[in-house]
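Enquirer: Structure provided below as structure tokens; questions to follow.
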Amino acid sequence: TRTPVNVTVTGAAGQIGYALLFRIASGHLLGADTPVRLRLLEIPQAVKAAEGTAMELDDCAFPLLAGIDITDDAKTAFDGVNVALLVGARPRSKGMERGDLLSANGGIFKPQGEAINAGAADDVRVLVVGNPANTNALIAQQHAPDVPAERFTAMTRLDHNRALAQLSKKLDVSVTDIKKLTIWGNHSATQYPDLFHAEVNGTTAAAAVNDQEWLEGTFIPTVAKRGAAIIEARGLSSAASAANAALDHVHTWVNGTPEGDWTSAAVVSDGSYGVPEGLISSFPVTAKGGRYEIVQGLEIDDFSRARIDASVAELVEERDAVKALGLI
Ligand code: NDP
């Protein structure tokens, strides 16, 4: 049998954690022939709740689950980690200034980056889900100088999947008929879901839609504000779909994108498309040989340019703010 892969999940007792852990343990992260050992990291007050989730995981008798460790210590949680899913973060509470939010998260992601640097396995892959995800990923990455920067990513796959769903409904096609969709920029309301490079059964998606008013007035805001719409309807934030997207992100990273298609992920910029080098921004990416690579050479028209620039400007602001706070 194969050696178990060490998967660390932070914020394991939260809603996304609850939707995520059972699917990891049943093989949906790495496949039906890869055993996993789960490491659950929580803050001290939530360790007991994580223990409850672990009891339920035990009770599923998952054949692939090789063990579960629960800890409130980042060094222990990331020792030997192969896949790190950083879900726990400090949510914005009423009256909290942006600086407070960024410093609270700096207090979480700096030590986690350091712990990953100190103890992670050579092949470690890190996905940040906790918001502000791009900048939290940047903070962790900056404190892990011995880990290749490309191993730090943030999640825009849920935005990608939301865009696929909206477009498939609009055009009455299957999501599998849609290729080369892209989310650009920050995982925030400024993100830009791009239909000008997407293809639907061989036609450009924007041309297939042929409705600029829908694209600008309905599609883009619906995708960007979907999280708020779900909170409004469900009374709770989206958790199962976020967990599902995290599985998709890692599964694609490890197994690759199909020929003739790409996906979206926030990865460290190499300066492509005018995105300042080092920022963790969402791009069209392919995955091959276990690496995400930014799709090169796309032509960007003025409409897309303005939207990409606006979202990237927000990332620059966040980076400058965490720099000013001494977090990177
Ligand atoms: P959730 O599990 O619902 O969310 C966790 C994080 O994911 C939040 O930052 C949330 O951002 C983010 N997120 C990203 N995409 C989405 C999406 N589409 N929908 C919803 N959330 C999204 O939060 P809970 O409060 O239920 O659980 C958080 C857990 O993390 C708690 O158990 C807490 O104790 C733990 N925690 C652990 C830490 C650690 O391990 N060191 C540190 C901090 C917290 P947003 O805030 O914008 O909703």
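Enquirer: Please state, as a whole number in µm²/s, the translational diffusion coefficient that the Stokes-Einstein equation yields for the stretch 55-163 at 37 °C and 0.692 mPa s, with Rh defined as the Kirkwood radius across alpha carbon pairs.
Expert: The calculation lands on 218 µm²/s.
Enquirer: Now for a different question. For Thr203 and Gln45, compute 0.36 nm times the residue count separating them, minus their Cα-Cα distance, and round to one decimal in nm.
Expert: 51.6 nm
Enquirer: A follow-up question, please. Using only the C-alpha atoms of the stretch 17-99, find the volume of their convex hull and express it per residue in Å³.
Expert: Hull volume normalised by residue count: 119 Å³.
Enquirer: Continuing with this model, one more query. Could you list Tyr18, Tyr273 so that the one with the fewest beta carbons within 10 Å of its beta carbon is first and the one with the most is last?
Expert: Tyr18, Tyr273
Enquirer: Under a 10 Å cutoff between Cα atoms, tell me which one of Asn136, Asn255, Asn117 has the largest fluctuation in the Gaussian network model of the chain.
Expert: Asn255
Enquirer: What ³J(HN,Hα) values, in whole Hz, does the Karplus curve 6.51 cos²θ - 1.76 cosθ + 1.60 give for the stretch 83-96 when θ = phi - 60°, with x put for Gly and Pro?
Expert: Those phi angles translate into 10, 10, 10, 8, 9, x, 8, 8, x, 6, 9, 3, x, 7 Hz.
Enquirer: Which of Asp177, Asp59, Asp211 has the fewest other C-beta atoms within 10 Å, and how do the rest follow up to the most?
Expert: Least crowded to most crowded, the residues run Asp59, Asp211, Asp177.
Enquirer: Report the local net charge at Gly119: Lys and Arg +1, Asp and Glu -1, summed over other residues whose C-beta lies under 15 Å from its C-beta. Could the numbers behind the result be given before it?
Expert: Details: positive: Arg37, Arg39, Lys75, Arg125, Arg151; negative: Asp69, Asp73, Asp79, Glu114, Asp122, Asp123, Asp146.
Around Gly119, the charge tally is -2.
Enquirer: Under the rule of at least 5 residues apart or a separate chain, name every residue whose amide H is placed under 5 Å from the amide H of Asp69.
Expert: Hits under the 5 Å cutoff: Leu38, Arg39, Leu40.
Enquirer: Let me ask something else about it. For Gly88, enumerate residues with amide H under 5 Å from its amide H, sequence gap 5+ or separate chain, H modeled in the peptide plane.
Expert: Thr10, Gly11
Enquirer: Using Cα springs under 10 Å in a Gaussian network model of the chain, which residue among Gly106, Gly67, Gly235 shows the largest mean-square fluctuation?
Expert: Largest GNM mean-square fluctuation: Gly235.
Enquirer: Which whole-number value in Å³ per residue fits the convex hull of the alpha carbons of the stretch 174-259?
Expert: Working: hull volume 10.3 nm³, N = 86.
Roughly 120 Å³ of hull volume per residue.
Enquirer: Compute the Kirkwood hydrodynamic radius of the stretch 120-213, taking the inverse of the mean of 1/r over all pairs of distinct Cα atoms, and give it in Å to one decimal.
Expert: Values: mean 1/r = 0.0669 Å⁻¹.
Evaluated on the stretch 120-213, it is 15.0 Å.
Enquirer: To continue, here is another question. What does the charge count near Gly52 come to, summing +1 for each Lys or Arg and -1 for each Asp or Glu among other residues with Cβ under 12 Å from its Cβ?
Expert: Summing Lys/Arg as +1 and Asp/Glu as -1 gives -4.
Enquirer: Moving on to the next point. Below 12 angstrom from the Cβ of Ile300, what's the summed charge of the other residues (Lys, Arg +1; Asp, Glu -1)?
Expert: Numbers: positive: Arg305, Arg307; negative: Asp194, Glu299, Asp301, Asp302, Asp309.
Net charge in that neighbourhood comes out at -3.
Enquirer: Between the stretch 139-207 and the stretch 243-287, what is the C-alpha centre distance in whole Å?
Expert: Going from one Cα centre to the other spans 8 Å.
Enquirer: For the chain, with a Gaussian network of springs between Cα atoms less than 10 Å apart, report the residue from Met96, Met155, Met55 with the top mean-square fluctuation.
Expert: Looking only at Met96, Met155, Met55, the biggest GNM fluctuation is shown by Met96.
Enquirer: In cubic angstrom, how much convex hull volume per residue do the alpha carbon atoms of the chain span?
Expert: Numbers: hull volume 45.3 nm³, N = 328.
It comes to 138 Å³ per residue, whole-number rounded.
Enquirer: Further, regarding this structure: Under 25 Å between alpha carbons: how many lysine pairs meet that in the chain, if sequence neighbours fewer than 8 apart on the same chain are excluded?
Expert: Qualifying lysine pairs in the chain: 18.
Enquirer: Contact order normalised by length for the stretch 240-328, with contacts defined as Cα pairs under 8 Å and 6 or more residues apart; what percent is it?
Expert: 23
Enquirer: Neighbouring Cβ atoms within 10 Å as the yardstick, rank Arg157, Arg305 fewest first.
Expert: Final ranking by Cβ density, sparse to dense: Arg305, Arg157.
Coordinate-derived values only; no laboratory data. Since we're looking at a predicted model, the values are computed, not measured. Cβ coordinates were reconstructed from backbone atoms using ideal geometry, including for glycine residues, and neighbour counts include every protein chain displayed.
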